Amino acid sequence: MKFTNRQFGELEFEDNHVVMFPEGLIGFERCRKFLIVDDETTEPFRWLVSVEDGGLSFPLLDPALLLPGYATDTADGAGKTVFVVATLRAAGGNSTVNLRSPIVIDNGARTARQVILDDEGLPLQFPLGPPSPAPAGR
C-alpha cells in the first residue's frame, strides 16, 4: 500500500507494518493506524506517522536513552516496546519529552496504546539537552 505524508512524502508499506491504536492517541482519537518510520537525519528520533491523516506525525524517543530502566518499568511483559513522545523546538528552544504518557507497543499483536502513568514525579515536559537529574519518584 502507499500513502502520502506531508513530512516524508510517499511512503509504501505492508499491512503487517501498521500499528493499530484501538483507542487512538490522546487528543487524536480518530486516528488509529500508524507506522513507525526511521529517518536517519533525525536519529535517535523515530516517527509515529498516521496512515489516515497525511499531516500527522509525532517524534518518538526511546526513554532508556534518558532514564535507564524507565522502559522496563513501564512495559508490562516481554515483546513490548516503549516510546515517549517528543516536542521538538527550533534551535535554542526547549525540546521536551512526555514521560507521564508513554506509548507501549505490543510487537507481536501490532497494537499499541498511550498510557497515563500514576507517578506524579514523571513530568509531561522533561527537558532534552544536557543531562538532567532523574525526576522525583524515580
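General remarks:
- Candidate set from segment 1-40 (those that are free of Cβ contacts under 8 Å to residues at least 12 places away in the same chain and assigned to a strand (DSSP E or B)); member that is nearest to Leu65 (Cα to Cα): Asp38
- Of everything in segment 19-67 that is β-branched (Val, Ile, Thr) and more than 16 Å from Thr4 (Cα to Cα), the residue that is surrounded by the fewest Cβ atoms within 10 Å (Cβ to Cβ) is Thr41.
- Residue, modelled with the lowest pLDDT, within segment 73-83, restricted to residues that are surrounded by 11 or more Cβ atoms within 10 Å (Cβ to Cβ) and not in a strand (DSSP E or B): Asp73
- Within segment 41-68, if we keep just the residues that are over 13 Å from the mean Cα position of the chain (by Cα) and touching a residue at least 40 places away in the same chain (Cβ under 8 Å), the residue that is nearest to Val85 (Cα to Cα) turns out to be Leu66.
Listed here are the residues, each with its yes/no results for (1) in a loop (DSSP other than H, G, I, E, B); (2) modelled with pLDDT of 90 or more; (3) of a type in the set (Gly, Ala, Ser); (4) in contact with a strand residue (DSSP E or B) (Cβ under 8 Å, 6 or more places away or on another chain).
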{"position": "Ile105", "(1), (2), (3), (4)": "no, yes, no, yes"}
{"position": "Gly108", "(1), (2), (3), (4)": "yes, yes, yes, no"}
{"position": "Ala112", "(1), (2), (3), (4)": "no, yes, yes, yes"}
{"position": "Ser132", "(1), (2), (3), (4)": "yes, no, yes, yes"}
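- Taking each residue of segment 97-111 that is closer than 15 Å to Leu48 by Cα and looking for partners that are of a type in the set (Lys, Arg) and surrounded by fewer than 23 Cβ atoms within 10 Å (Cβ to Cβ) with beta-carbon atoms closer than 6 Å, six or more apart or interchain, yields Val104/Lys80; Asp106/Lys80.
The values are calculated or read from the model by the stated rules, or taken from the named source; none is laboratory data. From a predicted model like this one, the values you see are computed outputs, not experimental measurements. Glycine gets a Cβ as well: all are built from the backbone with ideal geometry, and neighbour counts include every protein chain shown.
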